Amino acid sequence: MTLEEKVAQLGSRWVGNATQNDHGGHEEDLNVAPMQEAFTAAGSAPLDEASRHGLGHLTRVYGSSPVTAEEGAAELVRQHKIVLAGSRLGIPALVHEECLTGFTTYGATVYPAAIAWGATFDPDLVQRMAAAIGRDMAALGVHQGLSPVLDVARDYRWGRVEETMGEDPYLVSVLGAAYVRGLQSAGVIATLKHFAGYSAARGARNHGPVPMGRRELMDALLPPFETAVAVAGAGSVMNSYSDVDGVPAGADPWLLTEVLRDEWGFTGTVVSDYWAVPFLATTHRVAADMAEAGALALTAGIDVELPDTVGYGAGLVERVRRGELDEALVDRAARRLLRQKAEIGLLDADWTPESSVTAAGVDLDSPANRALAQEMAERSIVLLDPGTALPLGPELRRIAVVGPCADDPRTFMGCYAFPNHELPRHPGFGLGLDVPTAVDGLRAELPDVKIVHEPGCRVMGEDRTGFAAAVDAARDADLCVAMVGDLAGLFGRGSSGEGCDAADLRLPGVQPALLDELLATGTPVVVVVVSGRPYALGEVDGRAAALVQAFMPGEEGGTAIAGVLSGRVQPSGKLPVQIPRHPGGQPGTYLQPPLGAERTGASNLDPVPLYAFGHGASYTTFALDGLHISDAQVPTDGEFTVTVRVTNTGARAGAEVVQLYLHDVLATVTRPVRQLTGFARVSLAPGADCQVRFRVHADRTAFTGRDLRRVVEPGEIEVLVGTSASDLPCRGMIRLTGPARHVGHDRHLLTGVQTDAGA
């Protein structure tokens, strides 16, 4: 291969990425990627010109406009043929698409957002969902999916909390690995993102600098990525936009090469987040121009530039020719991508563009998909407090359903769901899907009850003209269901989503005022929060007749919410993030050392949340007892088991999530007062019980020490088992003995779990 041909494999082309503008003429108002308008021209060469020496990736052929599966397949074949015909070697391009809430294309199933996956605590379900997503993508010739997001939520105000699976690195690790296994089982390469630090930006400002040292980064944010590489064999990684302690991830060889490849043994490809390479020059200002940005990124370890070639084009060729860049770096990246193309069959002699699209007529929202979306939605809904009103009783004759999330199906969807992500650029196409609203769901669930709907207000804005009708409807009803929360969007067009960060944790717009007026009517009010982040509910707690949290539950969300309210669906979701009490001075995540987690008298601010991580109520009750720890002490390279009995003590079948936490009592650095170390979702009939056994290796207590080496230290470890981070009735101790032991990538990353049925 010539130098030009090798460099061409490191680039990409986004055909059809014309910026849209509203009637005011502002291009950026309808962008689907950050600062899109600044780079569209730089990478806008016609495809035949952009691929004259070959091409690495084709970007979002299906996801850039509302095309049918057949239309998208035809366009994909057309683009493939241009790439093949225009270059000497005829190497096909790899095709990637987004898949954060399902295949991001017109008419495809919209599953719940990732924060809802976290609420299920159900890796098997996440894996089944990802496999279904992968099968649909593979049928249409897509080779790589840009998911899962393995960022661990650190500040709830960040707009992309909805794309995370929660605030605990172990929960994100287990569910993230499950998603990778599912997607890759269908032959679609999973892309871990955003590596690493993105979720911890100062002030929760998107793309903001991350004021975090390496020790915290290694303990809090890297474990999900490491697990997905080691346990699930992830094929690709995408860099973070952020800088950590002043070093942009896209120009950090420690992160992208020393850690990812040298320590973890990752052999796949590293792709840039969209325009992260030119951002090194334009926003980070660590490069003088696009060519230098490309050289920095390539040297650090980014193999392929997405979504268009800006920094990896002629500038890299010229630098190599001038002796300013080692050609071996080009060879390194090209070899990685070509190996990946060979592994997925793109270099096979019988591969053709037409053969890559095996099922152009595939039903992207099949009944099987919808059933899976409904199962995910039902298991993700968290009953915070059934109060006095849930499940809804047979005595009800008239229910007022109010609030901006009651009758707008877009509020059930994340910002990367096609109806919220792309369709605002294409008015007139509707949703492309049948999405029952919560009002529809309740009318179907309660056919003998009069359901009256008034929106009251929009999600965002200051318009209160609908308050009077909503309050009147509530006053005249036996019960009011107030559905408040978010509408996901991009770059300020929503209250949640990429570039939609929050100043505080009050519900958006005038929704708090609407709730106040509804609660003042004297009618019992069930508050349902449909959102991508947790909002402070301290002012509602104790006044509402019940509280429910639904994290963007997808296209079947309305039906699932109605089923939970009626009692047909037994709620079993658990909080993957805390629910704060106050909108300002909010607690950080639950992973805090004593000075961050407890009231000490040193500050007047109370860090205790309203509802703790892992919390979730049910229409039955469960009891945990019989804690047994296999050993009083084990060596620092040993293993012990923790066993508890869980019993359904209520009158209904249900599911409980048994949660194991550990606490290192005395360590050489401050440690969290509790940290999730294992969990098991258990379904039990009334009166039934079972034993849950956790197999815990001492490696699971490891942390990064002052010398930045991960260590297992001798000493006492408190063992806590319960149903949330604040409800831990089973407690014991174990002592680790012997010398401190340094551990690496070959350590035990997961906790084994076994359940044994009892009486």
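The values are calculated or read from the model by the stated rules, or taken from the named source; none is laboratory data. Since we're looking at a predicted model, the values are computed, not measured. Positions of Cβ are backbone-derived with ideal geometry, glycine not excepted, and every protein chain shown enters the neighbour counts. Areas reflect the complete protein model, heavy atoms only, side chains present, ligands, DNA and RNA absent. Shrake-Rupley method; radii C 1.70, N 1.55, O 1.52, S 1.80 Å.
Sort out which residues of the range 745-759 are assigned to a loop (DSSP other than H, G, I, E, B) and open to solvent by 20 Å² or more (accessible area, probe 1.4 Å), and write them in order of number.
Correct list: H745, D746, R747, H748, L749, L750, G758, A759.
The set of residues in the range 313-330 being in contact (Cβ under 8 Å) with a residue 24 or more places away in the chain, surrounded by fewer than 14 Cβ atoms within 10 Å (Cβ to Cβ) and farther than 12 Å from L3 by Cβ consists of E324 alone. Just the residues that are in contact with a Cys (Cβ under 8 Å, 6 or more places away or on another chain) and of a type in the set (A, V, I, L, M, F, W, C), please, taken from the range 125-155. Within the range 125-155, I133, M137, L146 qualify. Identification of helices (runs of 4 or more DSSP H) wholly contained in the range 55-172 with 2 or more residues that are within 30 Å of D504 (Cβ to Cβ) yields 114-120.
Which one is most open to solvent (accessible area, probe 1.4 Å) among residues in the range 331-343 that are of a type outside the set (K, R) and without any contact (Cβ under 8 Å) to a residue 40 or more places away in the chain? Even if it seems obvious, please write down each step before you answer.
Of the residues in the range 331-343, the ones of a type outside the set (K, R) are 331, 333-334, 337-338, 340, 342-343.
From the residues that got through so far, the ones that are without any contact (Cβ under 8 Å) to a residue 40 or more places away in the chain too are 342-343.
Numbers: A342: 49, E343: 134 Å².
The qualifying residue most open to solvent (accessible area, probe 1.4 Å) is E343.
Where strands (runs of 3 or more DSSP E) fall wholly inside the range 701-744, the ranges with 3 or more residues that are surrounded by fewer than 19 Cβ atoms within 10 Å (Cβ to Cβ) are 715-722, 730-737.
Taking strands (runs of 3 or more DSSP E) as the structural unit, those lying wholly within the range 389-501 and holding at least 2 residues that are over 29 Å from the mean Cα position of the chain (by Cα) and surrounded by fewer than 21 Cβ atoms within 10 Å (Cβ to Cβ) correspond to 450-454. There is at least one residue in the range 198-216 that is closer than 30 Å to R339 by Cβ, part of a helix (DSSP H, G or I), open to solvent by less than 10 Å² (accessible area, probe 1.4 Å) and touching a Phe, Trp or Tyr at 6+ places or on another chain (Cβ under 9 Å). Considering only residues in the range 217-239 that are part of a strand (DSSP E or B) and in contact with a Gly (Cβ under 9 Å, 6 or more places away or on another chain), the one that is surrounded by the fewest Cβ atoms within 10 Å (Cβ to Cβ) turns out to be S236. Just to be sure, is F694 among the aromatic types (F, W, Y) and either at positive phi or in contact with a helix residue (DSSP H, G or I) (Cβ under 6 Å, 6 or more places away or on another chain) (or both)? Spelling it out, it is not the case that F694 is among the aromatic types (F, W, Y) and either at positive phi or in contact with a helix residue (DSSP H, G or I) (Cβ under 6 Å, 6 or more places away or on another chain) (or both).
Here's the yes/no breakdown for (1) of a type in the set (A, V, I, L, M); (2) farther than 25 Å from A536 by Cα; (3) free of Cβ contacts under 8 Å to residues at least 40 places away in the same chain; (4) open to solvent by 10 Å² or more (accessible area, probe 1.4 Å):
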position	(1), (2), (3), (4)
V110	yes, yes, no, no
D124	no, yes, no, yes
G134	no, yes, no, no
E162	no, no, no, no
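Given the criteria open to solvent by less than 10 Å² (accessible area, probe 1.4 Å) and within 24 Å of the chain's Cα centre (by Cα), does A377 qualify?
Working: open to solvent by less than 10 Å² (accessible area, probe 1.4 Å): yes; within 24 Å of the chain's Cα centre (by Cα): yes.
Yes.
Looking only at the range 344-360, which residues are over 32 Å from the mean Cα position of the chain (by Cα) and in contact (Cβ under 8 Å) with a residue 12 or more places away in the chain? Break it down stepwise before answering.
Looking only at the range 344-360, we keep the residues that are over 32 Å from the mean Cα position of the chain (by Cα), and these are 347-355.
Those that are over 32 Å from the mean Cα position of the chain (by Cα) and in contact (Cβ under 8 Å) with a residue 12 or more places away in the chain: L347, W351, P353, E354.
Among the conditions (1) part of a loop (DSSP other than H, G, I, E, B); (2) under 29 Å from the mean Cα position of the chain (by Cα), the only one that L325 does not satisfy is (2). Suppose the filter is part of a loop (DSSP other than H, G, I, E, B) and open to solvent by 40 Å² or more (accessible area, probe 1.4 Å); does V569 pass it? No: the conditions fail for V569. Taken together, the residues in the range 697-735 that are over 24 Å from G573 (Cβ atoms) and within 27 Å of the chain's Cα centre (by Cα) amount to 7.
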